[in-house]
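What follows is one structure encoded as structure tokens, with my remarks underneath.
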Amino acid sequence: EHLEASEVLTKLNVWKSQTLQTGLPGWLLNQSFRDSLKTALLGGGEQWSVYKELPKDKHSPDIESLDSYANKRWESILHFMVERKHRETDVISNETKNVLLHANLIRLDDPNGIPDITANGFQFLLMNISSQVFYFLLKYLDTIQSKGLDLAEALIFLFQLSFLSLGKDYSTEGMTDSSLLVLQNLREFGLVYQRKRKDGRFYPTRLAINLVSGLKGTSLHTKKSGFIIVETNYRVYAYTESTIQIALLAIFTEMQYRFPKFVLGVITRESCRQAFKCGITAKQIVNYLDYSTEGMTDSSLLVLQNLREFGLVYQRKRKDGRFYPTRLAINLVSGLKGTSLHTKKSGFIIVETNYRVYAYTESTIQIALLAIFTEMQYRFPKFVLGVITRESCRQAFKCGITAKQIVNYLVMHSHPQLHHQNPIIPGTV
């Protein structure tokens, strides 16, 4: 590692190798670098214009507000990449779109200008925020000179930003037109906050300050992205509040149910085909699922030799340009696709023809009732999954509970959108 670092510093002309008077090998610092290092360590030199004294800002944001702003701006870029129906809050500038296109993170094949994520974009979304920002800015710097801006000046500005203090305001007076334009671009990316351009001040966010610090894990304090459980019947259970994670799943699964903090999707032939058309590979999908299931115990996780084979078979067929029926049957999931559901505290129940019972509820009493006649598979906050089995029904009957009572209970607590069906509970159940 020492030799590799020395070689890099030599290539950067930070120093050059030179034999010492004693005959031993050594290095001689570049004079310009030596002078700048001395100034940085001991002080002196010209003060950067941003340090100019400013009057107190009555609209000064606190650190929490800066983090929220940076997170919102950055997530709007990520949402733009993965969601085909964009929200008003996800509107991004043409500059940002051009960087995404230049980096090959999205492509615009749709005649309506709706972006499709690429394989590079899918991989990009799996990075942590610090790595995403660093990669994105490298691609942004690639485009600097084509707009007539000074690349060296932009680089200096970015490095200087990382030495500023979070929560403190800095002056824009004395900045060149080129630097001011870069500042506005960074504002769009969430690296700096500026209430109004005419204010003559800006606040660096955590994204900018951590940019070259090399401190991993010091990125924004974001909500936990959650985790995923995948079963051998290609069902994907995602317990997450992140709309980006949900949108990622929707790229290669067909969404069946969506609850607050929980979604259920199924990996199908068609959903994989759509993902492959975007250039996303089976290996990327499997790696994403592996990454998102880390930390789960073996007892609560069924991972998926069948799923791996299923994906790789599709991949081989994709290469020869033909598609054939798979040798594995995919269980069909009944109705209510993509429905956003809001419930009372007692919640509701959905029963499927394969005897699975999905209960969205906060009530421990409801969960305990279900446990009388089902075998519980997974339990999350506000959501449980059970299966009606021969043994679970036998145990309920031993307690004097009748089949009619169980069916009436399931009907009474079924989701309102099922009430128009006849029967409400599948006949097999």
Of the listed pairs K382/K404; K38/K72; K72/K277; K52/K72, those with alpha carbons more than 32 Å apart are K38/K72
Pseudo-spin-label distance D199 to K283, built 7 Å along Cα→Cβ, given in nm, is 4.7
Output ordering of 134-147, 177-190 (per-residue mean of other Cβ within 10 Å, highest first) is 177-190, 134-147
Rounded to the nearest 10 Å², the 1.4 Å probe accessible area of I365 is 120
Once all protein chains are kept in place, T96 shows an accessible area at probe 1.4 Å, nearest 10 Å², of 0
On the formula 1/(1 + (r/R0)^6), with r taken between the Cβ atoms of S65 and T243 and R0 of 22 Å, the FRET efficiency rounded to 0.05 is 0.55
Once the in-chain neighbours fewer than 8 apart are removed, the aspartates and glutamates whose Cα is under 16 Å from K261 read E241, E362
Rounded to the nearest 10 Å², the accessible area of H413 using a 1.4 Å probe with every protein chain kept is 30
With Rg from the Cα atoms and Rh as the Kirkwood inverse mean 1/r over Cα pairs, segment 347-420 has an Rg/Rh of 0.94
Placing each pseudo-label 7 Å from Cα in the direction of the beta carbon, V91 and L3 end up separated by a distance in nanometres of 5.8
Partner aspartates and glutamates whose C-alpha sits under 16 Å from that of K97, ignoring same-chain residues fewer than 8 away, are E75, E83, E88, D109, D110, D116, D142, E188
Rh (Kirkwood, all Cα-Cα pairs) for segment 63-213, Å, reads 16.0
Length gained, N98-F134, 0.36 nm per residue minus C-alpha separation, equals 11.3 nm
Pseudo-spin-label distance S17 to T39, built 7 Å along Cα→Cβ, given in nm, is 3.1
Of E95, E352, E375, E362, ordered by accessible area with the largest first and a 1.4 Å probe, the sequence is E362, E375, E95, E352
Carbon/sulfur accessible area of segment 102-199, % of total, 1.4 Å probe, equals 52
Taking segment 228-294, the equivalent ellipsoid from its C-alpha gyration tensor has semi-axes in Å, biggest first, of 18, 13, 12
Counting only DSSP loop positions in segment 27-83, the GluC sites (Glu not before Pro) whose Cβ has at most 14 other Cβ atoms within 10 Å are E46, E53
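The values are calculated or read from the model by the stated rules, or taken from the named source; none is laboratory data. Worth saying up front: this structure is predicted, and the values here are computed from it rather than measured. Positions of Cβ are generated from backbone atoms using ideal geometry, with glycine treated the same way; all protein chains shown enter the neighbour counts. SASA here: full protein model, heavy atoms, side chains in, ligands and nucleic acids out. Shrake-Rupley method; radii C 1.70, N 1.55, O 1.52, S 1.80 Å.
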